[in-house]
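Coordinate-derived values only; no laboratory data. From a predicted model like this one, the values you see are computed outputs, not experimental measurements. Positions of Cβ are generated from backbone atoms using ideal geometry, with glycine treated the same way; all protein chains shown enter the neighbour counts.
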Amino acid sequence: MLSRRRFLGTSALGSAVLTFGGQVPFAFGASAVCTRSERILVVVELQGGNDGLNTVVPADDPVYRRLRPTVAIRKEDVLPIDQGLGFHGALRGFADLLEAGRLAVISGVGYPDPNRSHFESMDIWHTCQRKEEVRTDGWLGRWLEEPSGSSDRDPRALHLGAEKLPLALMSRTVRVPSVRSLEQFRLQGAEDPKFLDAVQALSAAGRDGQDDLLSFVQSSTNSALAASERLVTASNVKTSSIVWPTTQLAKQLQTVSHLIRSDMGTSVYYVSHGGFDTHAQQPDAHRSLLRQLGDSVKALLDELQESGQADRVVVMCFSEFGRRVEQNASDGTDHGTAGPVILAGAGLHQGLVGVMPRLDDLQDGDLKHTVDFREVYSAVINNWFGVPSERILKGQWMPVNVFQTQVKK
């Protein structure tokens, strides 16, 4: 039988067994693994509150130009979508995806009684819960708890980035890996055969008593080791002809593409793109951020298209809130409410979905949301993944009509 003292003294495992280069430890249990996923969601979180009105521009609206005399996008720089709306000129990548029938814009996404705090509003988006409710998990974390019906050892979800694991991926029973980069991701000591033998012995050993910590480590170690090896050795990928941007977001999405094309069984990839809190000197900063976003997402989907994987993948881009309709005195915009959610990839009703909020019918100077964000999540869960969403979203929400067909389960 194995006690905690014996565990801590075995081959220095107490300090090394779950330490990964450059990142915090992770582990995940049987409910977090799956076989090769048939459908994949890539989430791009736009941190800081993206200015939706300068992303999907109401180019023909005189109120827009009157309230934004210096930050409004010139009409000749707008890339047309439909109904007088168009993309910011820097979003050529999105415009090309739209022309190819691979992109949908859901207008006016928000929630009632909006909160303008970055942290609180993002927590609401992540958990589908208000502050007065106990938040222990996120919407994707609850989705991960659904039975997968498989025994493969790939993680069902993966977070890529230096920031902490997003609350959206938190679960009471499933641990999601958080990886800074494939180069920095490896189990320290895993190159030592004696270490590997000790890890396997630890996992297989019986236990004396009811030690929750030891039980957790023993049940997690083998799957953690398998995931480390799986990620590091996922190299059997054919070189593509796609020229990727050199930005951080592009590097993260290029890693996502690499893992998808290497036949990883992961269903959800999560990355963040920060810098959208544009209170001052917004035009140049926002242009750069949007160009990085559009070009990186297009490169991801183009590479997957080239490899025959694109029909499995949808990318969802969202932010915790939009910006106020009227610009401020610093050539910027302040915290607002509703904004667009962009979906790109397979099986979508292309173009505009939902109703664009009116700029001449504001609430305290802000847009009134026309689509609840939980209706977007409901579409992803019900119509993309084919899973009932009521438990996951803590209520019934009609899926927004953005997917052409519902997955058959």
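Work out the charge dipole of region 322-409 with +1 on the Cβ of Lys and Arg and -1 on the Cβ of Asp and Glu about the Cα centre, then indicate which of Ala344, Ile392, Gly354 is farthest towards its positive end.
Highest projection toward the positive end goes to Ile392.
Using a Förster distance of 25 Å, how high is the FRET efficiency between Thr405 and Ala100, based on the Cβ-Cβ distance and rounded to 0.05?
According to the calculation, E is roughly 0.85.
Ranked highest first by the average count of other Cβ atoms within 10 Å around their residues, in what order do 117-125, 137-145, 322-330 fall?
Descending packing order for the listed peptides: 137-145, 322-330, 117-125.
Taking the Cβ-Cβ separation of Ala280 and Glu38 as r and a Förster radius of 60 Å, what is the calculated FRET efficiency to the nearest 0.05?
My answer for the efficiency is 0.85.
In nm, give the distance between the simple-model label positions of Ser181 and Arg135, each being 7 Å from the Cα along the Cα-to-Cβ direction.
3.1 nm
Could the peptides 57-67, 78-88 be put in order, highest first, of the mean number of other beta-carbon atoms found within 10 Å of their residues?
Packing proxy ranking, top to bottom: 78-88, 57-67.
For region 44-64 and region 304-375, what is the separation of their Cα centres, given in Å?
8 Å
Points 7 angstrom from Cα along the Cβ direction at Gln83 and Asp360: gap in nanometres?
1.7 nm
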